[in-house]
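Below: one structure, written as structure tokens.
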Amino acid sequence: QVRLVESGGGLVQAGGSLRLSCAASGRTSSTYAMGWFRQAPGKEREFVVAISRSGGTIYYADSVKGRFTISRDNAKNTVYLQMSSLKPEDTGVYYCAASKSGMAVIRVYEYDYWGQGTQVTVSS
């Protein structure tokens with residue numbers, strides 16, 4: 001069992017930056033691939049970025065490439081999402097997820113554990 005707790009969300013103006021953190025519990029959490037998804041009101045949850053357990057493979061959604069950066073510190077069981085040049089369309093609840101596969105996967109059903117989410121609001 002892995003428990004995920006996100007933090008770092010908030011309200012920011014367009015063009016600003018935020019850093020989200022996802023702290024994972026459990027001794028084997030460092031063996032999981034990690035991903036970030038987001039969900040805007042009335043929309044489906046969408047993939048943002050994924051990182052393999054080693055950190056060697058990373059996939060970004062086209063909409064965030066060049067603006068978002070994922071990293072992980074396995075010693076701290078924490079994954080970070082640095083978000084820059086934020087746009088109003090980045091607004092939503094951001095969820096951290098863990099995949100037992102260990103691979104950087106991009107579909108919701110490929111993840112086994114989810115955090116409770118953290119709200120990110122970007123004002124224009």
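The values are calculated or read from the model by the stated rules, or taken from the named source; none is laboratory data. The structure presented is a predicted model; accordingly, all values stated were derived computationally and were not measured. Note that each Cβ is placed from the backbone with ideal geometry, even for glycine, and that neighbours are counted across all protein chains shown. Side chains are part of the model used for accessible areas, which takes the heavy atoms of the whole protein and leaves out ligands, DNA and RNA. Shrake-Rupley method; radii C 1.70, N 1.55, O 1.52, S 1.80 Å.
Scanning region 112-121 for residues that are under 18 Å from Ala40 (Cα atoms) and either open to solvent by less than 40 Å² (accessible area, probe 1.4 Å) or of a type in the set (D, E, K, R) (or both) gives Gly115, Gly117, Thr118, Val120. Within region 27-73, the residues that satisfy the criterion of being among the aromatic types (Phe, Trp, Tyr) and out of contact with any Lys or Arg (no Cβ under 8 Å at 6 or more places or on another chain) are Trp36, Tyr59, Tyr60, Phe68. Pairs are defined by a Cβ separation below 7 Å, a sequence spacing of at least 6 or placement on different chains, a first member in region 95-124 that is more than 15 Å from Val49 (Cβ to Cβ) and hydrophobic (A, V, I, L, M, F, W, C), and a second member that is open to solvent by 50 Å² or more (accessible area, probe 1.4 Å) and in a loop (DSSP other than H, G, I, E, B); the pairs so defined are Val122/Ala14; Val122/Lys87. Looking at region 50-111, the strands (runs of 3 or more DSSP E) lying wholly inside it that each contain 2 or more residues that are surrounded by 19 or more Cβ atoms within 10 Å (Cβ to Cβ) sit at 68-73, 78-83, 92-99. Does at least one position in region 16-34 carry a residue that is among the β-branched types (Val, Ile, Thr), more than 21 Å from Val2 (Cβ to Cβ) and not in a loop (DSSP other than H, G, I, E, B)? Looking through region 16-34, none of the residues is among the β-branched types (Val, Ile, Thr), more than 21 Å from Val2 (Cβ to Cβ) and not in a loop (DSSP other than H, G, I, E, B).
How many residues are over 16 Å from Gly92 (Cβ atoms) and either open to solvent by 20 Å² or more (accessible area, probe 1.4 Å) or more than 12 Å from the chain's Cα centre (by Cα) (or both) when one looks only at region 20-49?
Initially, region 20-49 is screened for residues over 16 Å from Gly92 (Cβ atoms), giving 21, 23-34.
If we keep only those that are either open to solvent by 20 Å² or more (accessible area, probe 1.4 Å) or more than 12 Å from the chain's Cα centre (by Cα) (or both) as well, we get 21, 23-32.
The total comes to 11.
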